[in-house]
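Okay, structure first, notes after.
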């Protein structure tokens with residue numbers, strides 16, 4: 001049943017906008033029997049929140065979250081270990097000033113952490129495979145230098161820090177080998193100017209691999225286009241790596257047409273080729289890998305979910321207004337969009353839902369409940 | 001600040017209050033170049049001038065020392081402050097409030113020079129200030145080797161509000177005051193230089209957009225960093241300017257700077273702020289919404305009192321609503337990308 005549904009779905013994806021038509025014809029809250037929950041951040045009214053939503057239910061009725069002082073960006077589940085079940089970490093958005101460990105099931109704050117002197121978060125974090133170390137990309141407010149900070153995953157206290165290999169580190173990933181892969185966005189921001197990009201003309205983005213034991217830079221890759229800011233990373237089970245970017249070209253046409261997704265191979269980091277006429281409008285909010293389906297990136301301003309194979313073949317697109325977060329768990333996935341909408345496949349069933357007055361943030365994680 | 005701005009402009013006889021001004025039927029279109037020029041002449045330069053004056057007064061006062069002489073402290077009651085210390089505290093407060101007004105919307109030289117790191121590194125780091133006092137830098141050159149967390153007005157506050165600052169502490173405070181005064185002079189000169197520029201629409205538009213984005217950031221700083229975060233912390237010492245007891249005055253001065261930028265000086269409509277800019281564009285409903293939100297914020301910040309939690313919550317909300325109108329309605333209407341935006345992704 002699941003396989004049939006997925007095959008059908010896959011064919012449907014390739015039809016591009018036809019899927020959007022299918023989606024629009026689904027009932028507003030398709031009946032979904034699920035033991036899956038979406039861990040994410042959102043803004044309801046003026047209030048920033050982080051917590052869980054049970055797919056298949058009206059978001060307004062099935063959201064349980066912790067109020068936050070400001071928007072979070074990434075929310076991660078703590079790796080499973082005794083006493084940590086159901087716990088999650090919310091990371092404040094750049095320039096971020098708090099970390100919060102919370103009980104996602106009970107919507108209860110457990111540990112707030114204010115940032116150390118002259119250090120600001122970049123919205124993302126990652127756990128080591130054994131769950132004993134939390135890594136947070138940060139920047140130094142004095143120099144603007146990018147940092148990777150190692151923290152205790154429970155107390156959230158800093159253990160040590162080292163250079164991220166660039167400026168403006170954003171998302172990072174702990175690779176199966178234990179090395180760290182960091183997307184250094186290359187854009188300088190400072191707390192007193194908020195998120196204003198201070199070095200667009202001289203930005204220097206890269207993808208850096210770090211030795212987690214020593215903090216030493218092992219490899220650095222750049223794309224040829226200096227105005228692509230590398231931001232988010234996805235990895236396929238076969239080791240293929242895709243990186244999503246934001247385009248910072250001053251030339252409007254170049255920015256709108258920028259490919260936004262690059263693939264890492266033995267020859268380096270190379271932007272994918274877009275089909276003729278497709279404009280991704282310069283902004284990819286998230287990227288993920290779906291087993292058997294390939295990489296999918298959310299082109300928020302274009303209102304498109306764009307799909308590529310692991311070797312960079314164009315697979316198709318789906319319309320989703322202001323597409324942003326993409327959460328994947330096995331064959332299940334959800335993408336969030338404009339005005340509280342979500343679209344995806346949970347328990348083998350297509351799901352579409354919408355809650356007005358709700359704004360999902362850019363990242364999410366699907367959890368078993 | 002409002003008074004000095006009016007004096008600078010010559011207090012025209014036709015001056016109307018902000019409230020009266022709103023009732024006018026017709027509003028002239030405000031060119032970006034006029035907005036920038038008038039904001040400089042009637043908001044930023046007067047504010048920078050005021051801070052230059054009061055920080056110089058603090059420098060001059062502290063140059064005379066602030067510690068009690070041994071004989072004086074023996075002769076007077078323990079509660080009595082040495083006159084020099086009392087005068088220094090008074091000067092410090094005046095300089096602080098002028099800084100708050102100036103830095104509320106941090107633009108131009110304040111950003112290029114990162115002046116807040118020199119003048120207002122906060123929260124105060126007592127251990128680092130104590131270490132700097134122990135290092136006893138002899139002059140401004142030696143002070144350059146001391147990190148920003150041990151400097152600026154908050155460090156001076158920490159030292160002056162010791163029960164009885166000693167000579168070494170007073171000497172270090174005097175050096176910090178010299179640095180603040182020098183920074184204030186540099187800021188003033190830079191703002192004055194900006195007024196001399198030939199502003200055109202092309203050169204003024206990005207500046208205007210930047211300033212409005214910084215005003216959004218200033219509102220957020222007041223809402224969260226200065227009010228919300230200390231309130232959540234729950235410790236009295238977390239309140240800004242707690243040692244001097246100037247928390248409320250500090251909030252009010254910051255708001256005064258923000259309101260002056262958003263709505264123009266109370267009695268001089270040559271610069272009518274962002275609301276005048278909006279009205280000139282025909283965005284009357286947005287201008288009215290910004291005016292109304294600012295009125296509520298004005299009242300609630302005035303009433304905000306750390307001892308009364310309900311007033312704190314009200315002030316946070318009112319400032320947040322003002323930010324929301326400025327960011328979501330005013331900036332959006334003018335197609336301004338806001339660096340402090342809550343609306344974009346990442």
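The values are calculated or read from the model by the stated rules, or taken from the named source; none is laboratory data. Given the structure is predicted, the values throughout are model-derived calculations rather than measurements. Please note: Cβ atoms are built from the backbone with ideal geometry, for glycine as well, and neighbour counts cover all protein chains shown.
Let's see how each residue does on (1) surrounded by 20 or more Cβ atoms within 10 Å (Cβ to Cβ); (2) in contact (Cβ under 8 Å) with a residue 12 or more places away in the chain; (3) under 23 Å from residue A:72 (Cα atoms); (4) more than 14 Å from chain B (Cβ to nearest Cβ):
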{"position": "A:321", "(1), (2), (3), (4)": "no, yes, yes, no"}
{"position": "A:326", "(1), (2), (3), (4)": "yes, yes, yes, no"}
{"position": "A:332", "(1), (2), (3), (4)": "yes, yes, no, yes"}
{"position": "A:336", "(1), (2), (3), (4)": "yes, yes, yes, no"}
{"position": "A:341", "(1), (2), (3), (4)": "yes, yes, yes, yes"}
{"position": "A:346", "(1), (2), (3), (4)": "yes, yes, no, yes"}
{"position": "A:350", "(1), (2), (3), (4)": "no, yes, no, yes"}
{"position": "A:359", "(1), (2), (3), (4)": "yes, yes, yes, no"}
The lone condition residue A:324 fails out of (1) out of contact with any strand residue (DSSP E or B) (no Cβ under 6 Å at 6 or more places or on another chain); (2) not in a strand (DSSP E or B) is (1)
If residue A:144 meets every condition in (1) buried (at least 20 other Cβ atoms within 10 Å of the Cβ); (2) within 14 Å of chain B (Cβ to nearest Cβ) apart from one, which number is that one? (1)
Residue that is nearest to the other protein chains (Cβ to nearest Cβ), among those in region A:98-111 that are assigned to a loop (DSSP other than H, G, I, E, B) and surrounded by fewer than 19 Cβ atoms within 10 Å (Cβ to Cβ): A:107
When you scan region A:117-140, how many residues do you find that are within 14 Å of chain B (Cβ to nearest Cβ), assigned to a loop (DSSP other than H, G, I, E, B) and modelled with pLDDT of 95 or more? 4
Can you name every residue in region B:235-252 that is touching a residue at least 60 places away in the same chain (Cβ under 8 Å) and surrounded by fewer than 21 Cβ atoms within 10 Å (Cβ to Cβ)? B:236, B:238, B:243, B:244, B:249
Any hit, region A:180-190, residues being in contact (Cβ under 8 Å) with a residue 12 or more places away in the chain, in contact with a strand residue (DSSP E or B) (Cβ under 9 Å, 6 or more places away or on another chain), in a loop (DSSP other than H, G, I, E, B) and farther than 30 Å from residue A:112 by Cβ: yes
Within region B:91-98, does at least one residue satisfy the condition of being assigned to a helix (DSSP H, G or I), more than 14 Å from every other protein chain (Cβ to nearest Cβ) and surrounded by fewer than 20 Cβ atoms within 10 Å (Cβ to Cβ)? yes
Given the condition touching a helix residue (DSSP H, G or I) at 6+ places or on another chain (Cβ under 8 Å) and under 30 Å from residue B:303 (Cβ atoms), answer yes or no: does some residue in region B:173-191 qualify? no
Flag if residue A:215 is away from every other protein chain (no Cβ under 14 Å), under 17 Å from residue A:125 (Cβ atoms) and either in contact (Cβ under 8 Å) with a residue 60 or more places away in the chain or touching a helix residue (DSSP H, G or I) at 6+ places or on another chain (Cβ under 6 Å) (or both): yes
Within region B:232-346, which helices (runs of 4 or more DSSP H) (wholly inside it) include 3 or more residues that are within 14 Å of chain A (Cβ to nearest Cβ) and closer than 30 Å to residue A:284 by Cα? B:309-324
Just to be sure I understand, how many residues within region A:252-288 are part of a strand (DSSP E or B), away from every other protein chain (no Cβ under 14 Å) and crowded, with 22+ Cβ neighbours inside 10 Å? 3
Filter result (more than 23 Å from residue B:116 (Cα to Cα) and at the interface with another protein chain (Cβ under 8 Å from one of its Cβ atoms)) within region B:197-231: none
Test: residue A:243 is away from chain B (no Cβ under 14 Å), surrounded by 20 or more Cβ atoms within 10 Å (Cβ to Cβ) and in contact (Cβ under 8 Å) with a residue 40 or more places away in the chain: yes
Which residues, taken from region A:113-138, are in contact with a helix residue (DSSP H, G or I) (Cβ under 9 Å, 6 or more places away or on another chain) and surrounded by 15 or more Cβ atoms within 10 Å (Cβ to Cβ)? A:118, A:120
Restricting to region A:218-232, name every residue that is more than 14 Å from chain B (Cβ to nearest Cβ) and touching a strand residue (DSSP E or B) at 6+ places or on another chain (Cβ under 9 Å). A:218, A:219, A:220, A:221, A:222, A:223, A:224, A:225, A:227, A:228
Assess whether residue B:55 counts as being surrounded by 20 or more Cβ atoms within 10 Å (Cβ to Cβ), modelled with pLDDT of 95 or more and part of a helix (DSSP H, G or I). yes
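Per-residue answers, yes or no, for (1) at negative phi; (2) surrounded by 19 or more Cβ atoms within 10 Å (Cβ to Cβ); (3) away from chain B (no Cβ under 14 Å):
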site: A:164; (1), (2), (3): yes, yes, yes
site: A:170; (1), (2), (3): yes, yes, no
site: A:176; (1), (2), (3): yes, no, yes
site: A:180; (1), (2), (3): yes, yes, yes
site: A:183; (1), (2), (3): yes, yes, no
site: A:186; (1), (2), (3): no, yes, yes
site: A:196; (1), (2), (3): yes, yes, no
site: A:205; (1), (2), (3): yes, yes, yes
site: A:208; (1), (2), (3): yes, yes, yes
I'm told residue A:155 meets every condition in (1) over 16 Å from residue A:98 (Cα atoms); (2) more than 14 Å from chain B (Cβ to nearest Cβ) except one. Can you identify the failing condition by its number? (1)
Residues that are under 20 Å from residue B:52 (Cβ atoms): list the helices (runs of 4 or more DSSP H) wholly contained in region B:125-218 that include at least 3 such residues. B:153-160, B:167-195
